[in-house]
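Heads up: the structure comes next, in structure tokens.
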Amino acid sequence: MKTEIIKIDFEKPLGEQLCSSAEIIRNGGLVAFPTETVYGLGGSALDADAAKKIYSAKGRPSDNPLIIHISEPKNAEKYCFTNDAYYKIANAFMPGPITVILPKKDIIPYSVTGGLDTVAVRCPENIVARTLIEKAGVPIAAPSANTSGRPSPTTARHVIEDMDSKIDAIIDGGGSSIGLESTIVMPKDDSVIVLRPGGITVEMLKKIFGKVELDAGITKKNESDKAPLAPGMKYRHYAPHAEVFLLLDSGKGEFDEKAVGFLSEKLAADPSAGVICFDEYMDKIKGENVFYFGKKDDDVEHARRLFDILRGFDKTNAKVIYATASDTKGVGLAIFNRMLKASGFNTIEI
Ligand code: TXA
Ligand code: MG
């Protein structure tokens, strides 16, 4: 299949530029599109066959449900049974990087929800995404537009790497401003459980709900036989081909000094080793496969750069990667969670 690349010109009206993509979606085809979190691989959420095509293009297990994207928060009514928690979230954070799990209505096929009676709903903020949904006239089912297991795409170039010749079109609307997938929450009693951390932080949710629960497996390996509430969280993910080790702060002090010492030693032994570290280490830690992902306290920048860096390693000869992690406050929790998964829970406390 020839994949058409549609480059958006933000100086010109969007509607016209998205007409053909909207038509492809309405007719059961697949179009990758930008959102503020990551690029999505979209098909009509009302079309069971489109969902099957999505699973096949990604190589994704079909028990891992898709998120449906809507252009207005109130449109959720058509596809699922909303509740107070949904409207509290919608009023505070939509459109934006948050997804809510709700009981589905019959109009959403089981192939979209991986056989579950619930459906994940999200109203993205990105103007290209919202215009596309509006024009398509149907909700758009979209997982991240990467091959299953690879880091999510934050640019059209990443999508082309994974999806060229597998889907009808790729809309290039520039880089994703957040760079990490949406926060996923499931309403429970008068509050929510966070199934996947993201741009809407636990601290922000606590301001609305008071106490907020975190699903198992977000910051630790889930040793229990209880499956995570978001089926996708059980898969190894975000992983470059090389083995990744995450350096964690033991809390015994002088983390940066110890990390610089550790990384210098590893690079001396193997100059091709991969490293992800803070900008502050730039003077001391240098090497062909060393990537800096922002100042230590700049978690917004870490989020924006992480997936591009992880993908970049696959073009190097690094056989092993050592990474320093963001702390777990604010959006840092989401970055930490993705890095932990990329490392397959290989951690080294220093
Ligand atoms: O930011 C995002 O959320 C991006 C953009 C494209 O919107 N999408 C995304 O989709 O990250 P995906 O498919 O890569 O991740 C969706 C996650 C998976 O972990 C899946 O298991 C979970 O959402 N999920 C979907 N429907 C669910 C449901 N009904 N119950 C529990 N988890 C669900
Ligand atoms: Mg994904």
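The values are calculated or read from the model by the stated rules, or taken from the named source; none is laboratory data. All figures in this text were calculated on a predicted structure; none of them were measured in a lab. Cβ coordinates were reconstructed from backbone atoms using ideal geometry, including for glycine residues, and neighbour counts include every protein chain displayed. Only protein heavy atoms, including side chains, enter the accessible area calculation; ligands, DNA and RNA are left aside. Shrake-Rupley method; radii C 1.70, N 1.55, O 1.52, S 1.80 Å.
Annotations for the structure displayed:
- Relative contact order (%) - the chain, alpha-carbon pairs under 8 angstrom, separation at least six: 19 percent
- Approximating the spin labels as points 7 Å out from Cα along Cα→Cβ, the Met282-to-Asp327 distance works out to 2.2 nm.
- Taking the Cα centre of the chain as origin and assigning +1 to Lys and Arg Cβ atoms and -1 to Asp and Glu Cβ atoms, the resulting dipole is close to 600 debye.
- Accessible area per residue was computed with a 1.4 Å probe on protein heavy atoms; Thr328 scores about 70 Å².
- DSSP beta bridge pairing in the chain, given as percent antiparallel to the nearest 5: 40 percent
- Taking one quarter of the surface of the convex hull spanned by the alpha-carbon atoms of the stretch 79-127 gives a direction-averaged projected area of 3.7 nm².
- Top of Ile208, Ile178, Ile218 by mean-square fluctuation, Gaussian network on the chain, Cα under 10 Å: Ile208
- Rolling a 1.4 Å probe over the protein heavy atoms leaves Val300 with an accessible area of roughly 80 Å².
- Counting every C-alpha pair in the stretch 205-350, the share spaced more than 25 angstrom apart comes to 28%.
- Share of carbon and sulfur in the accessible area of the stretch 152-239 stands at 52%, probe radius 1.4 Å.
- Residues Lys52, Lys296, Lys220 ordered from highest to lowest accessible area at a 1.4 Å probe: Lys220, Lys52, Lys296.
- For the chain, calculated [θ]222 nm from helices alone, where every DSSP H run of n ≥ 4 adds -39500 (n - 2.57): -9000 deg cm²/dmol
- Additional length obtainable on full extension of the chain from Lys252 to Arg26, 0.36 nm per residue less Cα span: 75.6 nm
- At a probe radius of 1.4 angstrom, the accessible area of the chain per residue rounds to 43 square angstrom.
- Counting DSSP beta bridges with both ends in the stretch 81-217, the antiparallel % (nearest 5): 65 percent
- Three-way shape label, the stretch 207-272, alpha-carbon gyration tensor, a/c 1.5: oblate
- In terms of overall dimensions, the stretch 136-188 has a Cα radius of gyration and Dmax of 12.9, 42 angstrom.
- Amide H partners (placed H, <5 Å) of Val290, local residues excluded: Val275
- Net +/- balance of residues flanking Thr347 in space, Cβ distance below 13 Å, scoring K and R +1, D and E -1: 0
- Amide H within-cut-off set for Ile171, under 5 Å, with H built and near neighbours excluded: Ile6, Ala32, Phe33
- Alpha-carbon gyration tensor eigenvalues x 5, square-rooted, for the stretch 1-133, Å: 23, 20, 12
- Three-way shape call for the stretch 92-209 based on the alpha-carbon gyration tensor, with the a/c threshold at 1.5: prolate
- Of the solvent-accessible surface of the stretch 1-82, computed with a 1.4 Å probe and all protein chains present, 53% belongs to carbon and sulfur.
- Cα pair distances of the chain binned at 10 Å [whole percent]: 6, 25, 33, 23, 10, 2, 0
- If you take the Cα centroid of the stretch 232-277 and the Cα centroid of the stretch 301-322, the two points sit 12 Å apart.
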